[in-house]
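Everything below concerns the one structure shown next.
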Amino acid sequence: MLDSVQQENGNGVDLIYVHDPMCSWCWAFRPQLDRILQSLPDNIRVVRLLGGLAPDSNEPMPETMRQHLQEVWRTIAHAVPGTRFNFDFWQDCIPRRSTYPACRAVIAARNQGIEWDEKMVRAIQQAYYLEARNPSEEQTLIEIAKTIGLDDRRFSQDLGSTQTQGTLLDEITLSRNLGISGFPSLMLKQGNRLSRIPVDYTGHLSTVEAIKSTLSIN
């Protein structure tokens, strides 16, 4: 992913998507993101960057944070029609404020082919938000990897490797250097020019038009 951002795309353009697989707003944005990507001109390359929402922690999530996040889920469900959450998660699991394991899982999946990046993100989101499973737990991530058809032995090794952690930290640093502080975020890269693209959770056309407008201006 870093190489994709740093390398020139010929006469093309990069759409950089910065996200975290356990970001609830990223989950809400998923349907529109799918439509946006289907509507992009052929010369636009999509680059996915992991922003890293919450670092590693083995501590149970404090009750105040649990209540806050449940309220965020309710807010999203009300603001973005069709976005579903399984609140059984808060009773069935021991939540931790830790999304780095899920981010590393995306990198470990990506190691087996770039196409597994998006597939792993989708599987983590479905496990977390619909199936009330905990992607902060490595065993859950390994089970997800096996379910979607990855080589689970290789995945498990990559998940805990220092190289995977280094890649994650590099992507987090790059996203911050791009000025990204919230997820999901979209940026358009044309040569050395970077443009922020607005995110619309209830329709994709405004975002597609913003991309086209930015291209015509630049």
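Points to keep in mind about this one:
- The residues of region 129-169 that are open to solvent by 30 Å² or more (accessible area, probe 1.4 Å), of a type in the set (S, T, N, Q) and not in a helix (DSSP H, G or I) amount to a single one, Ser161.
- Region 20-37, subset among the hydrophobic types (A, V, I, L, M, F, W, C) and assigned to a helix (DSSP H, G or I), residue nearest to the chain's Cα centre (by Cα): Cys26
- Filter pass, Val47 being over 22 Å from Thr202 (Cβ atoms) and β-branched (Val, Ile, Thr): yes
- Per-region count, region 67-97, residues closer than 29 Å to Ala109 by Cα, charged (D, E, K, R) and open to solvent by 40 Å² or more (accessible area, probe 1.4 Å): 4
- Considering residues of region 179-204 that are hydrophobic (A, V, I, L, M, F, W, C) and touching a Ser or Thr at 6+ places or on another chain (Cβ under 8 Å) only, the residue most open to solvent (accessible area, probe 1.4 Å): Val199
- Only a single criterion out of (1) free of Cβ contacts under 8 Å to residues at least 12 places away in the same chain; (2) not in a loop (DSSP other than H, G, I, E, B) is not satisfied by Leu69, namely (1).
- Residue count for region 42-66, restricted to those that are in contact (Cβ under 8 Å) with a residue 40 or more places away in the chain, of a type in the set (D, E, K, R) and either surrounded by fewer than 18 Cβ atoms within 10 Å (Cβ to Cβ) or more than 21 Å from Trp27 (Cα to Cα) (or both): 2
- Cross-chain or 6+ apart pairs with Cβ under 8 Å, region 170-193 first and closer than 20 Å to Ser24 by Cα and assigned to a strand (DSSP E or B), then open to solvent by 70 Å² or more (accessible area, probe 1.4 Å) and not small (Gly, Ala, Ser): Ser185/Arg196; Leu186/Arg196; Leu186/Pro198; Met187/Leu194; Met187/Arg196
The values are calculated or read from the model by the stated rules, or taken from the named source; none is laboratory data. It should be emphasised that the depicted structure is a prediction, and the values quoted were computed from it without experimental measurement. We place every Cβ from the backbone using ideal geometry, glycine too, and count neighbours over all the protein chains shown. Surface accessibility is based on the protein's heavy atoms, side chains included, excluding ligands, DNA and RNA. Shrake-Rupley method; radii C 1.70, N 1.55, O 1.52, S 1.80 Å.
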